[in-house]
Amino acid sequence: MTDTPLTKFQLFRLFAGMSLMGFGGVMPWAHRILVERRRIVDPTQFLEILAYAQLLPGPTICHIGMIVGHRQCGQGGAWAALAGMIVPPFVFVVGLATLHQIYGQAGWIQDLLRGMAVASAALVAAMALRMSLALPRTIRNLIFAAAMFAGIALLHWPLLLVMLGLGAMSLAIPVRER
Amino acid sequence: MDRQDEIALQIFWHFAMLSMMAVGGGVLALAPDMMRYVADDNGWITRQDFIESFTLAQIAPGPNFLFATLVGMKAAGIPGAAAATIAVIVPPALLAAFSLHWGAKRGGSAWGQRLRRAVAPLSIGMVCSTAWALTRSSVHTPVDWLAFAIAVAVLYGTRFNPLWVIGACGALGMAGIL
């Protein structure tokens, strides 16, 4: 950790900059900037923060910001980091969508977006693949992942119900230690 | 309250509830249920609109949950954009702030481990559902499938910036190939 903790304003700027660099995901930049460039957290701390952030529901990257902000500057720091992470890209993306509303009828823009949609589907598919292969290959995992997929993707059941049902079952059936 | 604000409010409640279900897979995993809610059940936007919003958010910088912002915007203008964004961010952020305050610092605790193991296959099922929904809506012709397969291979197997893949597919779209 650096000696002098960052102020709220510095935290806002740090995470705003990081967020605006993150085309196709902010996480790689979070590691690059927080650990490698600024050395605000060391590599072990980063893993620990990541594990904590992933445990909380909601966007992991925002939780990383809040945890780092909190360590630097308390509750105010956590919210300053979150605001930095969200407000500037919010403005950017709303601006982009406004431009799209005005000019989106042009044929070439529709062609462009149709092509890009293939890539954005591929982006999520690659992420799904990476996550699936990282999961231990047990019958239990396979059954629960398949049940979730069937409920949401094939049967179009409400996520809330499927999640509560399968979540309760998954917690009730203990994972066997290997 | 006019119609737009009413829709924004309904989006707010539904997305806020969903945000607490996004465990492990991030907000991306909520996309199929959001699509079901705004497009299939309520008909505020079409599935096509949903995919366009998703794709626009992918090419903008920032955390990838900003697609929810654009879905809200498409359904209910700026109030919708704000409602969707706040709904996705704030409930989990409050939870994070509480847990930081009470010092539940470690995702490595026994209870945290257990929860994570229980939820891991479910979040993978959710992300796979997102990949499925996007692919079904954006990938149609055999040539689309070829481009999709190459894109997944490149995104999975290399460390290329995803923007290059999105750009390449956009160019193919403009050339009338995808």
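Here is a yes/no grid of residues against (1) touching an Asp or Glu at 6+ places or on another chain (Cβ under 8 Å); (2) over 30 Å from A:Glu48 (Cα atoms); (3) buried (at least 22 other Cβ atoms within 10 Å of the Cβ):
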site	(1), (2), (3)
B:Ala96	no, no, yes
B:Trp111	no, no, no
B:Asp144	no, yes, yes
B:Leu155	no, no, yes
B:Thr158	no, no, no
B:Val165	no, yes, yes
B:Ala168	no, yes, no
B:Ala171	no, yes, no
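Within the range B:10-50, the set of residues being open to solvent by 20 Å² or more (accessible area, probe 1.4 Å) and either under 17 Å from B:Ile89 (Cβ atoms) or part of a loop (DSSP other than H, G, I, E, B) (or both) comprises B:Phe12, B:Trp13, B:His14, B:Met17, B:Met20, B:Met21, B:Val23, B:Gly24, B:Asn42, B:Gly43, B:Trp44, B:Thr46.
Only a single criterion out of (1) out of contact with any Gly (no Cβ under 7 Å at 6 or more places or on another chain); (2) closer than 29 Å to A:Ile49 by Cβ; (3) buried (at least 17 other Cβ atoms within 10 Å of the Cβ) is not satisfied by B:Ser138, namely (2).
Taking the conditions exactly as written (within 19 Å of A:Ala145 (Cβ to Cβ) and facing chain A (nearest Cβ under 7 Å)), does B:Ala120 satisfy them or not? It is true that B:Ala120 is within 19 Å of A:Ala145 (Cβ to Cβ) and facing chain A (nearest Cβ under 7 Å).
Could you tell me whether A:Ala53 is in contact (Cβ under 8 Å) with a residue 12 or more places away in the chain and in contact with a Gly (Cβ under 7 Å, 6 or more places away or on another chain)? No. For the range B:60-92, a residue qualifies if it is over 15 Å from the mean Cα position of the chain (by Cα), crowded, with 24+ Cβ neighbours inside 10 Å and among the hydrophobic types (A, V, I, L, M, F, W, C), and the qualifying residues are B:Ala75, B:Ala76, B:Ala83. Which is over 15 Å from B:Ser129 (Cα atoms), open to solvent by 20 Å² or more (accessible area, probe 1.4 Å), within 7 Å of chain B (Cβ to nearest Cβ) and out of contact with any Gly (no Cβ under 8 Å at 6 or more places or on another chain), of A:Leu171, A:Leu99? After applying the criteria, what remains is A:Leu171.
Only helices (runs of 4 or more DSSP H) whose full extent lies in the range A:1-72 are considered here, and the ones with at least 3 residues that are assigned by TED's automatic domain parsing to the domain that holds A:Ala126 and at pLDDT 90 or above are A:8-21. Only one entry of A:Gln75, A:Gln105 meets the criterion of being in a loop (DSSP other than H, G, I, E, B), open to solvent by 30 Å² or more (accessible area, probe 1.4 Å) and in the same structural domain as A:Leu20 (by TED's automatic domain parsing), and that entry is A:Gln105.
The values are calculated or read from the model by the stated rules, or taken from the named source; none is laboratory data. The shown structure was predicted, so the numbers you read here are calculated from the model rather than taken from an experiment. Every residue, glycine as well, gets a Cβ built from its backbone with ideal geometry; the counts of neighbours run over all protein chains shown. Side chains are part of the model used for accessible areas, which takes the heavy atoms of the whole protein and leaves out ligands, DNA and RNA. Shrake-Rupley method; radii C 1.70, N 1.55, O 1.52, S 1.80 Å.
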